Structures are given as C-alpha cells and as structure tokens.
1. How many residues are β-branched (Val, Ile, Thr) and either in contact (Cβ under 8 Å) with a residue 40 or more places away in the chain or open to solvent by 70 Å² or more (accessible area, probe 1.4 Å) (or both) if we restrict to region 153-171?
2. Considering every residue within region 227-238, establish whether at least one is aliphatic (A, V, I, L, M), at pLDDT below 95 and out of contact with any Leu (no Cβ under 8 Å at 6 or more places or on another chain).
3. Quick one: how many residues across region 175-209 are free of Cβ contacts under 8 Å to residues at least 60 places away in the same chain and within 18 Å of the chain's Cα centre (by Cα)?
4. Conditions: (1) surrounded by 17 or more Cβ atoms within 10 Å (Cβ to Cβ); (2) touching a Leu at 6+ places or on another chain (Cβ under 8 Å). Thr174 meets all but one. Number of the miss?
5. Please determine, by comparing only the residues of region 101-123 that are part of a helix (DSSP H, G or I), among the aliphatic types (A, V, I, L, M) and farther than 17 Å from Thr237 by Cβ, which one is least open to solvent (accessible area, probe 1.4 Å).
6. So which of Val150, Val126 ends up being open to solvent by less than 50 Å² (accessible area, probe 1.4 Å) and either within 22 Å of Ser218 (Cα to Cα) or of a type in the set (A, V, I, L, M) (or both)?
7. Tell me which residues, restricted to region 177-194, are more than 19 Å from Phe244 (Cβ to Cβ) and open to solvent by less than 30 Å² (accessible area, probe 1.4 Å).
8. So Asp198 clears everything in (1) touching a Gly at 6+ places or on another chain (Cβ under 7 Å); (2) open to solvent by 40 Å² or more (accessible area, probe 1.4 Å) except one condition, right? Which one?
Amino acid sequence: MAYHSGYGAHGSKHRVRAAPDPPPLFDDTSGGYSSQPGGYPAPGAEVAFNVNHLLGDPVANVAMAYGSSIASHGKDMVHKELHRFVSVNKLKYFFAVDTAYVAKKLGLLVFPYTHQNWEVQYSRDVPLPPRQDLNAPDLYIPTMAFITYVLLAGMALGIQKRFSPEVLGLCASTALVWVVLEVLALLLGIYLATVRSDLSTFHLLAYSGYKYVGMILSVLTGLLFGSDGYYVALAWTSSALMYFIVRSFRTAALGPDSMGGPAPRQRLQLYLTLGAAAFQPLIIYWLTFHLIR
C-alpha cells in the first residue's frame, strides 16, 4: 500500500512542537540603551545618560550655580579695579586727534617760538579734546613716536651691523623706563611743591613722551648727515622741546591760579618747570648717541 506524503511510517501524522526558550543567564539591563549588533550600547548613549543624570542632580545644579556666581563676581571685581586705576573715558580724551591736529602739533614741537596763545581751551569747565585745541596734550603722538623710534633704532643698528633682538629690546625698554621715571619724579615734585592743578599722570606722560619726536629727528639726521648733523639736530630739537615744556607747564599744566601763590611756592614751581625742561636734552642725548657712529 502506498503512503501519502506527510505521514510517518506508522501511518499517523506527527505535529512538531517548538521547544521553549531557555531562561536567560542574566537579566536584561540594556533597556536604556539603543540595541546594537553584539549587544553594545549606541555610541554616545552613555555620555548622554551621564549628562542627564548630572543635570538632574540637585547638588550638581547648586554647585554650578555657585560657580557661575563666583565667576560673575570675579569679573565685576576685575572691571572695577581696572576702572579704578585706568579711566577709559579719560584715556579716550588723549587719543581724540585728527590729521590736522597731528600735523600742527608736530610743527609746534619742532618750531614753537612763534606760537602765541598757550592756554588750554575749556568748554563749560571741560577741556576741549586735542583735535579742537592745539595746546591740549595727547598720547597719540608720543605712542606713535615711541614705536617709530624703536623701528628707527633697529634700522640704525642694522646699518652698523650691531643689530640683535636683545639689543633692540634693551633700547626700547630703556627708553620706556626713563619716561616712567621722569613721570614719577614730576609727580613727586608737584606733590612736594604743593601745586594746585588738574595735572594728571596722563598729562605728564604726554608731555614727557613728546621727546620721542626730537629723538627721531636727531637719529634720522645723524643717519643721513653723520655725527655733525646729529649734534645740530640734537641742539635744535632740545631747545625747541625745552621752550615747549616751559610754556606748556607755566600755563596749561600748572595753571595761572597756582602761579599766584606765595613767593616761596612760586619759586618751587619755577624750579620744577625749569628742571623738567633741562632734563629733556640730557635724556634725548642718552637715548640716541649710541645709535650714531
């Protein structure tokens, strides 16, 4: 007898029953992760879990808030101390210049003998900015003149085969230190002479920095015409700067009210003015003679 397909040898049909899955060896704890081949979590899932856990921690939130407050408080303290020692608004006043002012001021520094009115102009008890008043001191010309002097010194040393970064750095730092010492000496002299004026550190720094213009002209003339030209230019720029300092200090710096005090105080003020003027040619020579051979 022939058997139909699907029947066993005993003539009965068998049903195949699926075996139950074996119990897992370990509990599945990967429900918080994205499924990846091999059972590993998705890249970045653990980092995201840690960040969310950290942000949800109240202690961490308090620490972050406290750190932000400390940083903000420290920033305010830095800004306060900076404005305490350096007034940005006052500093902007000394750089309020234009091309016409710079050209006229340079001409006044080189040839001040024909200038008549040396008083600083005021508008509602506020001094006019330099671009509106030729007699107002500025820091733009001293700053640019200092940079030009350093570059010119480097060129002079290079022409003489004596250039090196160390020598140029020493030249620049020496020129800067001498101006700082001069300003400190002037402040001490004004204090000892009990001068009543609105003279600030920025004013003194501006007047002391004008010597860089004479230094540039002296060095440049010496490079073009030798030592004879250097000494002629040194004598001219020194005398012009001395005249400029005396007239400026007696009017704009010290003021006419301070000149009307007792005779001993007037003599102290006069000595201070003449001492500041007489110091200019000495420092110009000291900072430039080694650049001319």
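1. 1
2. Checking region 227-238: not a single residue is aliphatic (A, V, I, L, M), at pLDDT below 95 and out of contact with any Leu (no Cβ under 8 Å at 6 or more places or on another chain).
3. Residues flagged as free of Cβ contacts under 8 Å to residues at least 60 places away in the same chain and within 18 Å of the chain's Cα centre (by Cα) within region 175-209 amount to 5.
4. Of everything listed in (1) surrounded by 17 or more Cβ atoms within 10 Å (Cβ to Cβ); (2) touching a Leu at 6+ places or on another chain (Cβ under 8 Å), Thr174 misses just condition (1).
5. Val102
6. Of the residues listed, the single one that is open to solvent by less than 50 Å² (accessible area, probe 1.4 Å) and either within 22 Å of Ser218 (Cα to Cα) or of a type in the set (A, V, I, L, M) (or both) is Val150.
7. Ala193
8. Asp198 satisfies every listed condition except (1).
The values are calculated or read from the model by the stated rules, or taken from the named source; none is laboratory data. Keep in mind that what you see is a predicted model, and the values were worked out from it rather than measured. With ideal geometry, Cβ positions are generated from the backbone for all residues, glycine too; neighbour counts draw on all protein chains shown. Remember, those area values only see protein heavy atoms, side chains included, never the ligands or the DNA or RNA. Shrake-Rupley method; radii C 1.70, N 1.55, O 1.52, S 1.80 Å.
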